[in-house]
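The values are calculated or read from the model by the stated rules, or taken from the named source; none is laboratory data. This is a predicted model, so every value here is computed, not measured. Every residue, glycine as well, gets a Cβ built from its backbone with ideal geometry; the counts of neighbours run over all protein chains shown.
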């Protein structure tokens with residue numbers, strides 16, 4: 001089992017392992033293992049069900065996991081975690097008005113790290129399924145969730161932000177394509193702030209407001225085969241369990257080499273961190289009108305700048 005990121009983006013794998021170790025230290029490992037397995041079931045990710053466990057659960061819990069709401073095999077805290085996991089995976093926009101209050105009541109201060117763990121488990125497994133389909137080798141969390149070295153932040157969000165920065169340092173793919181797929185994901189997850197952000201790099205590379213505002217960018221501009229395929233990949237990765245047909249695989253692999261494909265998929269992982277603030281309802285835009293302009297600096301960090309950074 002080979003993870004293509006080991007060759008194409010080793011810093012991302014290293015940072016992912018640290019983030020996963022951080023959430024394991026912050027959360028009950030039984031809750032994490034129940035969530036890991038339930039996410040795998042919801043995403044039809046059979047390979048992950050055979051992967052290394054994140055914690056200890058009983059044989060009866062494994063057998064009853066699909067029936068957890070009515071099963072006596074799970075206590076109130078475990079059911080609260082599973083309710084969060086299901087809603088987070090199926091439709092993150094329903095977490096705030098759905099299970100969040102009850103789950104927070106049952107889990108207390110652990111609710112924050114649990115949601116951060118759900119981001120890693122959900123989007124991490126979506127990445128695994130996509131990379132497996134695109135590049136051939138089966139990928140599971142065994143390749144990215146273990147073997148952390150160095151200092152492990154006590155706050156999982158600190159570790160997650162370091163992982164996002166590692167992805168930000170990948171700079172092979174053109175900025176317009178990356179901005180279009182970021183906005184596609186922002187609309188899918190209904191992240192209010194993300195939809196009001198604009199990439200300075202994309203605008204300076206020729207994108208305009210009409211293109212970036214469009215729900216269907218192809219109706220505005222003649223997009224390349226690769227960009228169109230990348231936009232379709234966003235939907236395939238995040239709308240329901242990831243399913244990528246061979247026709248789309250062909251267009252993606254003809255348009256991008258393995259390094260570029262890893263960057264695109266990693267960038268989708270980075271962007272989908274918006275599921276955390278959306279789940280808590282703290283995704284408000286920071287501008288009342290117009291757009292917030294951002295650049296990714298040399299360290300991979302996202303920095304808000306003023307309009308003077310635009311050259312077009």
Exercise for the section: Considering only residues that are in a loop (DSSP other than H, G, I, E, B) and at pLDDT 95 or above, look in segment 191-208 and name the one that is nearest to residue 309 (Cα to Cα). Expected result: 196
Practice task
Would you be able to say whether some residue in segment 31-48 is out of contact with any helix residue (DSSP H, G or I) (no Cβ under 9 Å at 6 or more places or on another chain) and outside any helix (DSSP H, G or I)?
Solution key: no
Handout entry: Selection status of residue 150, touching a helix residue (DSSP H, G or I) at 6+ places or on another chain (Cβ under 8 Å), modelled with pLDDT under 95 and either in a helix (DSSP H, G or I) or farther than 30 Å from residue 44 by Cα (or both)
Key = yes
Practice task
Report whether or not residue 251 is at pLDDT 95 or above and under 24 Å from residue 39 (Cβ atoms).
Solution key: no
Problem - Test result for residue 94, in contact with a helix residue (DSSP H, G or I) (Cβ under 7 Å, 6 or more places away or on another chain), over 14 Å from residue 114 (Cα atoms) and buried (at least 16 other Cβ atoms within 10 Å of the Cβ) - result: no
Practice task
Return only the number of the condition from (1) surrounded by fewer than 18 Cβ atoms within 10 Å (Cβ to Cβ); (2) within 26 Å of residue 29 (Cα to Cα); (3) touching a helix residue (DSSP H, G or I) at 6+ places or on another chain (Cβ under 8 Å) that residue 190 does not satisfy.
Solution key: (2)
Exercise for the section: Would you confirm whether any residue within segment 140-153 is buried (at least 23 other Cβ atoms within 10 Å of the Cβ) and either free of Cβ contacts under 8 Å to residues at least 40 places away in the same chain or within 24 Å of residue 188 (Cα to Cα) (or both)? Expected result: no
